[in-house]
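Asker: Handing you this structure, nothing more for now.
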Amino acid sequence: MEPTEADVRDQFGRRLEDKGAWRQAITLEAAGELTARWLEGHSEYQAATFTVRYDDETEPIATELAALNRNGLFTKESQPGLRTGSSAQRQYVTGFCSAEAAVELLALSTRTELVTVAHAPGEASSAAIPVTLDGDEVVTVLGSSETPVQEEQIQDWAEETNETLALLLADSWYVEILDPVWGRNDVLLPAVLAALTVAP
């Protein structure tokens, strides 16, 4: 008997076979490797991303994001820098990392014009730095911690991955790095990778 779609994919279309690998991922390095594989098209399940594939605007930066994931930053969100008509985006990337990596990424704000917002484990913070505009309307902001700090958030991550990784994320630093220049798309990701390769 052939497996049904429900046996093969979840309600978001993600392949359940690929979810199995996340059940075994108990380190940031393992989560980063699985994310890199997803960005390279070798997986159809990305934890806490409820689509089979990333959106089209990520295509030009997917390879660079994969490199970040393989070098200590388990990325959660990102966008390229863009300027089209009345819309504008600042390039940014967010993710989970070790304390050592957070120190290096925070130091980017001292030696470059890039801006890093670092959230300590368990920190529930909220700020609003605009990174996407549609005309005069602010569409996307950075500055809020995404580290799971409440039991419900930890449970959500555990369901998407496993309990060990969910608890590790709760104890990890969460960083948001942005390029303050609207539309620029060639500075941030190389600088982040260089900082990560310095971290012990």
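Laboratory data are not the source of any read-out in this text; all were calculated from the coordinates shown. Note that the coordinates shown come from a computational prediction; the quantities given were computed from them, not determined experimentally. Reconstructed Cβ throughout: ideal geometry from the backbone, glycine too, with neighbour counts over all protein chains shown.
Asker: When all C-alpha to C-alpha distances in the chain are sorted into bins of 10 Å, what percent of pairs does each bin hold, rounded to whole numbers?
Answerer: Binned Cα distances yield the sequence 9, 34, 37, 16, 3, 0, 0.
Asker: Where does the chain land at 222 nm, in deg cm²/dmol rounded to the nearest 500, when only DSSP H runs of n ≥ 4 count, each adding -39500 (n - 2.57), divided by all residues?
Answerer: Working: 8 runs with 75 residues, N = 200.
It lands at -11000 deg cm²/dmol.
Asker: Report, to the nearest 10°, how far helix 151-160 tilts away from the longest principal axis of the Cα atoms in the chain, using its own Cα long axis and a range of 0 to 90°.
Answerer: 60
Asker: Still on this structure, please answer the following. Two decimals is fine: what is log10 I(q)/I(0) at q = 0.20 Å⁻¹ for segment 38-135, from a Debye sum with one equal scatterer on every Cα and no solvent?
Answerer: Debye curve over Cα of segment 38-135, log10 I(q)/I(0) at q = 0.20 Å⁻¹: -1.24.
Asker: Here's a follow-up. In segment 1-91, if every C-alpha pair distance is counted and binned at 5 Å from zero, what percent goes to each bin?
Answerer: Spelled out per bin, shortest first, that is 3, 13, 21, 21, 16, 11, 7, 4, 2, 0, 0.
Asker: Another question about this same structure. Summing +1 for each Lys or Arg and -1 for each Asp or Glu, what net charge is found among the other residues whose Cβ lies under 13 Å from the Cβ of A194? It would help to have the intermediate numbers written out before the result.
Answerer: Numbers: positive: R111; negative: E64, E104.
Summing Lys/Arg as +1 and Asp/Glu as -1 gives -1.
Asker: What ranking, highest mean first, results for peptides 48-58, 177-187 when packing means the other Cβ atoms within 10 Å averaged over each residue? Before the final figure, lay out each step's value.
Answerer: Values: 48-58: 13.3, 177-187: 17.6.
Sorting 48-58, 177-187 by mean packing, highest first, produces 177-187, 48-58.
Asker: Right, something else. Between helix 28-39 and the chain, what is the angle of the helix's C-alpha long axis to the longest principal axis, kept within 0 to 90° and rounded to the nearest 10?
Answerer: Between the helix axis and the principal axis of the chain, the angle is about 90 degrees.
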